């Protein structure tokens, strides 16, 4: 176990997801006390058990303000002071705007955007001696993709909300940043919504020629919550293999 995060108390939302899981593992390995939160109790308790000491699962519905209050009360009851929040909970919906129901649109915004807002608000009340917040936004928050309207809108909101929070909390010694992953190999893109994706063609649009791994996002989070980044706030760090750098001239697929 490392010591980079020794003395910190971290709450990770969506801890049972691909990125949330990787973030939880890395921060715990770096010496943090980690509260793993999710609506999936079975997977959350399994993760806490695999990490061992200084890891605890707490059920949390990020869309419910009362659930956030209950999670904060667990930390206080254990005598832990929140120093770090990583908002990983989220979901995607692949659907043209004209075919997206209002119910589905609101569901994605509630989970991705409102959930992040509630987390920031809770942290702002409980980080009395400074701290750090990292929100998982998306490349789609800065570079929209057709067919992902609700997701794009929610993640653009997360990126904007990150900057507002950074401005409002700076004088409290709280940094607020966002990580904007491109295509990462997680369960989100394993869903039926993405079953018809031509991944070979998609890989040719990524300059580095591959999709990212959750741990590569986790290392960016570790930097943004560690002392090395105390002068970094209000940023949206894109981790996308070069997609947002610009357009490339089309080339035929390379032969094997």
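The values are calculated or read from the model by the stated rules, or taken from the named source; none is laboratory data. Quantities reported herein were computed from a predicted structural model and do not represent experimental measurements. For neighbour counting, all protein chains shown are included, and Cβ atoms are generated from backbone atoms with ideal geometry for every residue, glycine included.
Overview of values
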| read-out | value |
| --- | --- |
| Matching residues, region 88-104, being in contact with a strand residue (DSSP E or B) (Cβ under 9 Å, 6 or more places away or on another chain) and assigned to a helix (DSSP H, G or I) | 104 |
| Residues (touching a helix residue (DSSP H, G or I) at 6+ places or on another chain (Cβ under 6 Å) and without any contact (Cβ under 8 Å) to a residue 24 or more places away in the chain) located in region 141-169 | 144, 152, 156 |
| Test: residue in region 238-253 that is under 26 Å from residue 164 (Cα atoms), under 14 Å from the mean Cα position of the chain (by Cα) and either at pLDDT 95 or above or part of a loop (DSSP other than H, G, I, E, B) (or both) | yes |
| Single match in 233, 197, 205 (criterion: at pLDDT 95 or above and either in a loop (DSSP other than H, G, I, E, B) or farther than 30 Å from residue 29 by Cβ (or both)) | 233 |
| Residue among 50, 24, 46, 69 that alone is buried (at least 21 other Cβ atoms within 10 Å of the Cβ) and part of a helix (DSSP H, G or I) | 24 |
